[in-house]
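The structure appears right after this line, and notes come after that.
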Amino acid sequence: MKAVKFTAKHIIDSHAHIFPDKIASKATDNIGSFYSLHMCYDGSVSELIKQGEKNHIDMFLVQSVATNPEQVRHINDFIAAQANAHPDKFIGFASLHPDMDDPKGEIERVISLGLKGIKLHPDFQQFAINDKKAYKLYELIGDRLPILVHTGDSRFNYSHPRLMAEVLDNCPYLKVIAAHFGGWSEWEESEDTLCGKNVWVDSSSSMYALSPEKTAQLIERFGYDRVFFGTDYPMWDAADEIKYVERLPISDEHKEMLMWKNLRDFLGLDID
Ligand SMILES: [Zn+2]
């Protein structure tokens with residue numbers, strides 16, 4: 001990759017998955033086989049912190065996905081414990097599952113635990129973004145917490161950008177981050193259906209597949225203030241993800257917004 005001189009004042013990684021040490025490598029292997037992609041790291045907290053220090057990443061939005069309803073509380077306790085153990089570094093997002101008992105109670109509980117948002121993964125959790133039970137969750141979450149939603153997978157229909165567009169139209173109160181520029185492996189569909197809507201997106205697991213020009217076009221069309229930098233830890237080499245940003249044909253100020261300012265403003269983070 002061509003070297004370009006740009007160093008962000010700060011970096012916040014808006015999309016990192018973490019797992020307890022005991023299951024980290026197995027969980028990471030499972031993600032790797034689901035996507036048939038090589039995983040760069042082992043998914044542990046210690047490795048995330050290590051690569052963050054190496055690459056000057058100041059903060060991480062950390063989360064994990066409950067693939068069955070029974071995992072929800074354990075995962076949220078783990079994420080909350082990690083966020084409390086690293087208060088200047090980690091912003092924790094909670095997991096919910098559309099088939100769980102008492103989602104209302106769990107939303108109250110994760111707010112009281114200090115978690116700052118919800119992560120949903122329709123393809124891992126096997127529900128369509130526009131399913132009735134998903135709408136029930138959106139109504140319960142309302143505008144109280146932002147929702148990071150994995151979006152796009154050309155192999156399935158669960159998280160298609162078109163379905164996300166429908167949800168955004170029906171629930172204008174939601175604060176949704178549609179991951180992977182709103183459509184992993186379906187970036188054209190995302191651009192056609194989601195650009196211009198009331199939605200935020202992240203750059204994770206996308207720039208490896210998109211040209212710098214295409215990435216810059218998506219950033220401009222979604223809005224310079226609506227895109228967050230993310231690495232999708234443990235999937236990609238963080239140094240590569242930062243280099244993808246350096247070579248983008250956008251202004252340095254727009255790169256600063258992408259790298260940290262937008263997420264600071266979106267979540268009200270204390271970093272300046
Ligand atoms: Zn994710």
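Values as computed for the structure displayed
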| read-out | value |
| --- | --- |
| Flag for ASP270 being within 18 Å of GLY52 (Cβ to Cβ) and free of Cβ contacts under 8 Å to residues at least 12 places away in the same chain | yes |
| Count - residues of the range 191-209 that are over 16 Å from the mean Cα position of the chain (by Cα) and buried (at least 24 other Cβ atoms within 10 Å of the Cβ) | 1 |
| Pairs where the first residue, in the range 95-124, is under 22 Å from HIS160 (Cα atoms) and the second is part of a loop (DSSP other than H, G, I, E, B) and open to solvent by 60 Å² or more (accessible area, probe 1.4 Å), C-beta under 7 Å, 6+ apart | PRO122/TYR158; ASP123/PHE156; ASP123/TYR158; PHE124/THR67 |
| Top-ranked residue of the range 35-90 - restricted to ones that are assigned to a loop (DSSP other than H, G, I, E, B) and polar (S, T, N, Q), ranked as most open to solvent (accessible area, probe 1.4 Å) | SER36 |
| Search result, residues across the range 111-120 that are within 16 Å of the ligand (Cβ to nearest atom) and open to solvent by 40 Å² or more (accessible area, probe 1.4 Å) | LYS116 |
| Test: residue in the range 119-140 that is of a type outside the set (Gly, Ala, Ser), closer than 30 Å to ASP58 by Cα and part of a strand (DSSP E or B) | yes |
| Leading residue by the ranking (nearest to the ligand (Cβ to nearest atom)) among those in the range 121-168 that are among the aromatic types (Phe, Trp, Tyr) and farther than 16 Å from VAL65 by Cβ | TYR138 |
| Test: LEU218 is buried (at least 19 other Cβ atoms within 10 Å of the Cβ) and over 19 Å from ALA16 (Cα atoms) | yes |
| Identity of the residue in the range 42-75, polar (S, T, N, Q) and within 16 Å of the ligand (Cβ to nearest atom), that ends up farthest from the chain's Cα centre (by Cα) | GLN71 |
| Count - residues of the range 152-166 that are in contact with a Phe, Trp or Tyr (Cβ under 7 Å, 6 or more places away or on another chain) and open to solvent by less than 10 Å² (accessible area, probe 1.4 Å) | 2 |
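Here's the yes/no breakdown for (1) surrounded by 20 or more Cβ atoms within 10 Å (Cβ to Cβ); (2) among the polar types (S, T, N, Q); (3) within 14 Å of the chain's Cα centre (by Cα); (4) within 16 Å of the ligand (Cβ to nearest atom):
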{"site": "ASN170", "(1), (2), (3), (4)": "no, yes, no, no"}
{"site": "TYR173", "(1), (2), (3), (4)": "no, no, no, no"}
{"site": "ILE177", "(1), (2), (3), (4)": "yes, no, yes, yes"}
{"site": "GLY183", "(1), (2), (3), (4)": "yes, no, yes, yes"}
{"site": "GLU213", "(1), (2), (3), (4)": "no, no, no, no"}
{"site": "PHE222", "(1), (2), (3), (4)": "yes, no, no, no"}
{"site": "TRP236", "(1), (2), (3), (4)": "yes, no, yes, yes"}
{"site": "ILE242", "(1), (2), (3), (4)": "yes, no, no, no"}
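The values are calculated or read from the model by the stated rules, or taken from the named source; none is laboratory data. It should be emphasised that the depicted structure is a prediction, and the values quoted were computed from it without experimental measurement. Neighbour counts are summed over all protein chains in view; Cβ atoms, including those assigned to glycine, are modelled from backbone coordinates with ideal geometry. When the accessible area is computed, the model is the full protein with side chains, heavy atoms only, and any ligands, DNA or RNA have been set aside. Shrake-Rupley method; radii C 1.70, N 1.55, O 1.52, S 1.80 Å.
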